[in-house]
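Everything on this sheet refers to the single structure shown next.
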Amino acid sequence: MISLQYFLLLAAALFCIGIYGLVTSRNAIRVLMSIELLLNAVNLNLIAFANYLDPASIKGQVFGVFVITIAAAEAAVGLAIVLSIYRNRNTVDMEQFNLLKW
Amino acid sequence: MNLADGVQLVSFGVLAVMMLGTALGVVLLSSIVYSAFLLGGVFISISGLYILLNAGFVAAAQVLVYVGAVNVLILFGIMLVNKQEDFVPLKNVWLGRAATAAVCVGLFALLGAMILTTPWQVSLLPAAGDNATVIIGQHLFSDFLLPFELASVLLLIALIGAIVLARRDFLPDLDVDSIQRPALTLPERPRELAGVATTPGDSES
């Protein structure tokens, strides 16, 4: 039996990769993909906890289904925002979205 | 170690290597199209990990929603903003990247220490297994009924909001300069003409 710690370490590694991509990437769509990586890491944690700590009433899996739903809505709205910004600024470079810079 | 444990361990290792490799590819590759396809690999290997964790329903939902909807949506987004542009190189990019990498490695070390030192209260009850789908359905229609309905309303709101944000009204025969603006308005481009106007004076607005 694989122990719980392996899954948690794997999810932590995926989360850190997602954070790195979120901060360093310059393409707006790659930022959206990094957010998906973050959500998946959290979801993996939830399912692992549901399997190891609460195997009889699997509330973690229900939470996972909700997270998947929210992630789908987030991806749709995020891509719409990226399209709108691209139409206004004619680029997808995150460094040029500096309209609110002080 | 009997056969079942060995198979579980080997498939866990294969799925973990696949997931980390494709995730690194998503973040590090320069071609955005390759990144999008590798993102599908990440989702599929996470779905395999869910199956290892006795969560068959969530694994199926993962494949359906992520690979079937979100990944295709991202590919469509890439096609819609497909402009081959070389980003202007910034100075001291490596400094920001090194700082971010250091922060991420530190965060991973912190999380790893927390994971390895916490005494997890692993339950010894039998896993739900194939019965998991029934239990999820019972949860969704008894104690999680209100969040379930709220999630459906949220999906509707997100659908309408995405359409409103991404809609473009084409007015192709109209010239930008011929629009009579009313007095005392801010000089900004009309939103409907943003995709049509390609005159060089408009690009910096």
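The values are calculated or read from the model by the stated rules, or taken from the named source; none is laboratory data. In this text the structure is predicted, and so the values were computed from the model without any measurement. Neighbour counts are summed over all protein chains in view; Cβ atoms, including those assigned to glycine, are modelled from backbone coordinates with ideal geometry. Surface areas here come from the heavy atoms of the whole protein model, side chains and all, with no ligands, DNA or RNA. Shrake-Rupley method; radii C 1.70, N 1.55, O 1.52, S 1.80 Å.
Taking a straight line from the alpha carbon of A:Lys101, these lysines sit under 30 Å away, with near neighbours fewer than eight places off in the same chain left out: B:Lys83, B:Lys91.
Annotation for region B:92-163 versus region B:1-35: alpha-carbon center distance of 19 Å. Rolling a 1.4 Å probe over the protein heavy atoms of chain A, with every protein chain left in place, gives an accessible area that is 68 percent carbon and sulfur. State whether region B:113-155 is rounded, prolate or oblate according to the following rule on the C-alpha gyration tensor (a ≥ b ≥ c being the square roots of its eigenvalues): a/c under 1.5 gives rounded; otherwise a/b larger than b/c gives prolate, and the remaining case gives oblate. Since a/c reaches 1.5 but b/c is at least a/b, the shape of region B:113-155 is classed as oblate. Residue order by solvent-accessible surface for B:Leu90, A:Leu8 is B:Leu90, A:Leu8, largest first, with ligands and nucleic acids left out and a 1.4 Å probe.
Figure note: B:Asp143, B:Asp130 ranked by solvent-accessible area, largest first, 1.4 Å probe, ligands and nucleic acids not counted: B:Asp130, B:Asp143.
Based on Cα contacts under 8 Å between residues 6+ apart, chain A shows a relative contact order of 29 percent. Restricting the trypsin sites (Lys or Arg not before Pro) of region B:81-129 to loop positions (DSSP other than H, G, I, E, B) with no more than 15 neighbouring Cβ atoms within 10 Å leaves B:Lys83, B:Lys91.
For the residues A:Val92, B:Val17, B:Val67, a 1.4 Å probe over the protein chains yields an accessible-area ranking, largest first, of B:Val17, B:Val67, A:Val92.
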